[in-house]
Amino acid sequence: MTVENEIELTAISGRRSTFEGDPRPGDTLPSMKDSPAVEAGSTMTMTPGLEASRDQLQLQENEEHSIEVLPPVDGGRQAWLFLLGATYMEMLIWGLPFSIGILHVYWTNTLFEGEGASAITLAATLQTGLLYMSCAFFGPMFAALPRWTKTLQVAGLVIGSASVIASAFVTKPWHLIVTIGIFYPMSCACYFPCATLLFEWWHASRGFASGMMYAGTGAGGTIFPFLMQGLLQRFGYKAAMVSLGVGYVVTGLVALIPIKRRIPLSRYDQDGISRIRPRIDWAFSKRKALYLGIMVIGMTSLGNFVPSLWLPSYVDDLGLNKPNGVALVAILNAATALGNGLLGWLSDRMSLRSTILISCVGSAAACAFLWGFGKNSGVLVTFAIIFGLLGPSFSAVWSKIIHLVSKDDPAVTALTFSIFAFVRGVGNMSSGPISESLLKYDTMRGVIGAYGYKNYGILLIYTSITILTGGAAGLFFNKIRDV
């Protein structure tokens, strides 16, 4: 073999070195001419059939390419720093959408009292829905432009921060649609690579790692409502939004530092310009796991957002003050933070079908029985804890489904995640109008508990059925290879 032979990283084409830094005994190692950078300290073993002359060895030593060992997978300082930064980014980006109820009340009752109620509601709805659905735009972009990942993340963070600051100076309700409703979801560019690059840093403990990362969403939903309420009461609306926007960009830039690739991109020199043209294996679009994942995520998303949307109204209608609606949703979100870690840990140790069933059956049963027959604080707090542990935390199971679809191909991983996030966004935006329509029909008056109280009964049945339907679709994962 001559020095003109090209070397191709098996980390990218064969995925073996995604989890291994050194070559296996007996592997044939081509020469280093035109090779991409690998990481430092790697031990290179020549097979008996590959003998290099002294001149060839000297030429290899003079190569400008550095040779490095890939950082360890499933642990090590860099892997844990990546997970810490990704978790904080989840908390930062999703904290505001989870506290939007506090802002919605302020916009409606104080800032724009008596006007623009529909525009304000639309802005709040668009923020969360588009934050999910914009993944359909950013997924293909990150897959096609992997070298621009960090630049796009910083741009998304700056746009999101600017939209928060701009919302402090709105003078018309429709201004909120533009700032909070449309531009803030561009911050999706910050957290999207966190979910996809995690596949490079974690393998055997991927479910646990993804659960911990998504726990940041629950943590944001627990912290931000009280943070936002405190800022509004102490400093006023403008100061609260400006300080929040500045805090976004400053802390976000710090969190982005450890969020990087574990495996270096291949480099191909074309006309003196270093480029990369990733090839997408479109065979993933024919895999059953993709469509089962869409069905499971779509159906569960139609139901999982209902409790956080209507539980505060139910508590207010009952006249309960301890805890009130805001505190109850905060409890649910705190349980979601723990639930993500729990379901992620279970997905590493159980079959995918079993993990889906635990999540769907448990959350649907909690909705049907605990909320369904709950008319006091104790039962509703218990419901918030159990539902939070098993319902909204279903996203921790995504990593295993995505693995079945993408086979750890980086470009396909990004596309698959974008598809699933888009489906979840559709479920999120659809659950509001559907549930509002169901509340108009008083079909269960006189029944025990919430089933007979102001039309909530039909809403609970809808929530339980959609989540159970998602669990039933998950049963079919047993018929395909899910490990």
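The range 146-179 and the range 406-469 have Cα centres separated by 28 Å. Compute log10 of I(q)/I(0) for the range 300-349 with the Debye formula, placing one identical point scatterer on every Cα and leaving out solvent, at q = 0.19, 0.23 Å⁻¹, to two decimals. Per q value, in the given order, log10 I(q)/I(0) is -0.70, -0.86.
What does the charge add up to near Ala79, with Lys and Arg as +1, Asp and Glu as -1, over the other residues with Cβ less than 13 Å from its Cβ? Summing Lys and Arg as +1 and Asp and Glu as -1 gives +3. Measuring r between the beta carbons of Ile280 and Trp148 and using R0 = 25 Å, the FRET efficiency lands at 0.90.
Computed from phi, the 3J(HN,Hα) profile of the range 415-420 under the Karplus parametrisation 6.51, -1.76, 1.60 (θ = phi - 60°) reads 5, 5, 4, 5, 5, 5 Hz, with x in place of Gly and Pro. Taking Cα centroids, how far is the range 67-135 from the range 185-200 in Å? Each part's Cα centre sits 12 Å from the other's. Percent of alpha carbon pairs in the range 242-371 separated by more than 24 Å? Above the 24 Å cut-off, the range 242-371 has 61 percent of its Cα pairs.
Couplings 3J(HN,Hα) for the range 396-405, derived from phi with the Karplus relation 6.51 cos²θ - 1.76 cosθ + 1.60 (θ = phi - 60°), are 5, 7, 4, 4, 6, 5, 4, 4, 4, 7 Hz, where x marks Gly and Pro.
Sorting Ser308, Ser301 from the fewest to the most surrounding beta carbons within 10 angstrom yields Ser308, Ser301.
Couplings 3J(HN,Hα) of the range 169-181, computed from phi: 10, 5, 10, 10, x, 5, 4, 5, 4, 6, 6, 6, x Hz, in residue order, whole Hz [Karplus 6.51 cos²θ - 1.76 cosθ + 1.60, θ = phi - 60°; x for Gly and Pro]. Residues Trp282, Trp398, Trp80, Trp345 in ascending order of nearby Cβ atoms (within 10 Å, fewest first): Trp282, Trp80, Trp345, Trp398.
Label zone of Tyr291 (point 7 Å out along Cα→Cβ, amide N under 14 Å): in the range 390-417 this covers no residue at all.
Dimensions of the range 280-483 based on its C-alpha atoms, expressed as ranges along the principal axes with the largest first, amount to 55, 31, 26 Å. Dimensions of the range 345-453 along the principal axes, based on C-alpha atoms and rounded to the nearest Å, stand at 55, 31, 19, largest first. Kirkwood Rh over Cα pairs of the range 114-226 into Stokes-Einstein at 37 °C, 0.692 mPa s: D in µm²/s? Answer, rounded: 211 µm²/s. Mind running the shape call on the range 155-298? Use the C-alpha gyration tensor, a ≥ b ≥ c as the square roots of the eigenvalues: rounded below 1.5 for a/c, prolate if a/b tops b/c, oblate otherwise. Since a/c reaches 1.5 and a/b is larger than b/c, the shape of the range 155-298 is classed as prolate.
None of the figures in this text is laboratory data; all of them are computed from the coordinates on show. Predicted model only: the values in this text are computed from it and were never measured. Heads up, the Cβs are rebuilt from the backbone with ideal geometry, glycines too, and the neighbour counts pull from every protein chain shown.
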